[in-house]
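Remarks on the structure that follows.
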Amino acid sequence: MRRENRRAWISVAVLSVLLYIATARAIQQGARAEQLAEAADAASRRALYESAELLGGLQGNLLKLPACASLAQKQGLLADISRQAFGVEENLAVLPAGARSLEGAIKFANQIEDYAAVLITTLADGGEISEADQEQLGALSESCRELQLQLLGSAESLGPVSFAAPAGGNETQEPSVQYPSLIYDGPFSDGAQTPLLPAQGGSPVGAAEAEAIARAYIGEERVRGVTLTGEPTRPAPCWEFEADCTDARLSVSVLKGSGQVLYMLSDTASAAERLPAQECADIAAQFLEARGYGPMQPTYSSREEGFLTVNFAAVQDNVLLYPDLVKVEVNMETGLVSGVEARNYLANHAARALPAPALSREDAAARASSALTVDGVRLCVIPTSPGERLAWEVTAIGPNGGVFLVYIDAQTGAELTILRLVETDSGTKTE
Amino acid sequence: MRENGRAITRSPAPAREKMCPMAGSRSSAPARKKSQRAAALVLLALLAPVLVCPAASAAVVLELGDRGDNVVKVQKRLIKFDYLSGDADGIFGADTLAAVLLFQRRNGLTADGRVGPATAAALGITLPAGGSASAASGSAYLSADHRLLSKLVYAEARGESYKGQVAVAAVVLNRVASSEFPNTITGVIYQSGAFSCVSNGSINNTPDASCIRAAREALNGWDPTGGCLYYYNARLTSDTWIRTRTIVTVIGNHSFAI
């Protein structure tokens, strides 16, 4: 009996200790959760107040802009407006209200930023802020005030926030193509962004004909079987197939309206870089030529995870057409083409009536910064927002050895944009 | 024992009954012992999540190609236990892999070359989330976006086909390009309420090679969604709003919409 009592007491003692530990841990976790909740609350309030403060500044700058006489002042104000709008958008994005209720406000902030960018370009081209712009700026300023009042009200309660999309945003402005080329690919690698593909020439194709096109595009000798997997409607109505091939499983999308291939994608990784990059680049070029893409020139390549991706731009009369871009991915282990991305080519490729450049090659080179040493000049068409421009691409070396691409408008001599080449492990990127 | 010269074999009396004649029925003492053990087990089962959850909720798995502070931790332990020689350079390479495999085999763990919670516990360390980087290469700036996008793809679509993974990454980039969403990959991914993997922390896991490649593919321009801004799992989502969006295509378990 004594032994049994001792065992019972030991059990009780052990369980009590465990209960104590569990309780202590629960209290500790509860305190931690409370701390985190408070920190999140503080961060949200900070974001609200900061957005409200930035909107106040925006309101004032938008009203000041038409009153400025000097170009330098206007450009400085527009730079401030752009920065403030970006700050509003960044702060709104972290609020706990949920993504959808803030979409209107974020869109408004983005549109102000884009509008400022357009005005900067207008002024740089020698234009002026028109009366229509002035009215627009006034409306934007008023909308900033409305949004500011809503935010300040929400900051007090920090309850669920709901914003009506403010009026006055410019609906037609497209964001300039900066972010993608800034990050990870060759010049203008994202081309001219269009949500939908324009109608293509050619005849509509049915599913059977599209499958035959997909087989021929991949290479009949590679294909074991093809299955129709879907009919997506964007960026244009397509037939989507999955092809079981000797080396991989490929997804292929064929436009219904023209039978052209929109993209090809492989699900199989590459085990090793068995083939040299130049050989793979040649394979990519031959692939495009055999499929009727016309004169194409490689502009950039990157090598990652056993694949070589080569960007090709169409060529017309020795002018490089950057908007007409095709990307080809080659498996460096097998030497087979594993991917093609042709959206920009399909969206933009057309025979152009290219004017003779008003600026000579030498003049263009001279317009690059005196701090740069010019290494080469060629004529090209680059995407702008909106549209495209004939430009001289000036390759130049900076004082610290950095390589720059300076694009000079071939008609006006204006400096359109500057890209810097960045060496990475996988290739040369632009920013 | 002998009685009258004959060996007598007696059935052993139940020890407890003999020791405790006032216990009542023949089975009361063992039953009490059983019920005490059962109660202890139930209590332990109830307490176990409270005791061990903090560690389990942030499971990090290191594997070949990973880099970072967690890898340094693992390497230091392996060096201390003489499984690895040299310096802890924070790179999970072939030598570290061999050392991990040897450690796992010798300690009765699953010898898969990956350092998860069990192997970490055997090494006597914890691996907090965020202490390692994926195997993506490139410049620091490029790696940050590529890495973050890879983590999102892994958290949201690691069970999907490769095309489905590229599609999820493409949705993020489409949002970046859209004026209705933040203008950076970081901004889109960390936008409040946008992705459940951010709020539940699963975005902090290490992505696999397929997700890293899928993210790169999307960054290079491939978009199987045709410009979609939303996706959802029709079987799982309870979000009625997202079901009002126009579906463009279905890839695997995800419906992609605008």
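The values are calculated or read from the model by the stated rules, or taken from the named source; none is laboratory data. Just so it is clear, the structure is predicted and the values come from calculations on it, not from any experiment. Note that each Cβ is placed from the backbone with ideal geometry, even for glycine, and that neighbours are counted across all protein chains shown. Each accessible area value is taken on the protein alone, full model and side chains, heavy atoms only, with ligands, DNA and RNA left out. Shrake-Rupley method; radii C 1.70, N 1.55, O 1.52, S 1.80 Å.
For the chain pair A and B, the interface hides roughly 5000 square angstrom of accessible area in total, found with a 1.4 Å probe.
Note on region A:215-269 and region B:56-98: Cα centroid distance 42 Å, given to the nearest whole angstrom. Remark: mean inter-chain Cβ contacts per residue of B:170-181 equal 5, using a 10 Å Cβ-Cβ cutoff to other protein chain atoms. Remark: C-alpha extents of chain A on the principal axes read 102, 69, 51 Å, sorted largest to smallest. Taking the chain by itself as reference, region A:289-328 contains these residues with an accessible-area loss of 20 Å² or more in the full protein complex (1.4 Å probe, heavy atoms): A:Glu304, A:Glu305, A:Phe307, A:Thr309, A:Lys327.
Estimated at the nearest 10 Å², the accessible area of A:Asp267 is 60 Å² with a 1.4 Å probe. Comparing the full protein assembly with the isolated chain, the residues of region A:223-248 losing at least 50 square angstrom of accessible surface (1.4 Å probe) are A:Arg234.
Check each residue of region B:193-215 and keep those whose accessible area, probe 1.4 Å, is at least 50 Å² smaller with all protein chains in place than in the chain alone; give them in order of residue number. Buried on complex formation: B:Arg213. When the pairs A:Lys256/B:Lys163; B:Lys73/B:Lys151; A:Lys107/B:Lys163; A:Lys256/B:Lys151; A:Lys74/A:Lys327; A:Lys256/A:Lys327 are compared against a 32 Å limit on Cα-Cα distance, A:Lys256/B:Lys151; A:Lys74/A:Lys327 fall above it.
Over region A:47-93, give the accessible area per residue in Å² for a 1.4 Å probe, as an integer.
Each residue of region A:47-93 exposes 40 Å² on average to a 1.4 Å probe.
Span-like helix check, chain A: qualifying full DSSP H segments, with Cα axial length of 27 Å or more and mean Kyte-Doolittle of -1.0 or more, are A:2-64, A:71-93, A:103-124, A:131-157. Structural size metrics of region A:229-340, computed from C-alpha coordinates, are Rg and Dmax of 14.5, 41 Å.
Largest GNM mean-square fluctuation across A:Thr122, A:Thr227, A:Thr23, computed for chain A with C-alpha springs under 10 Å, falls on A:Thr23.
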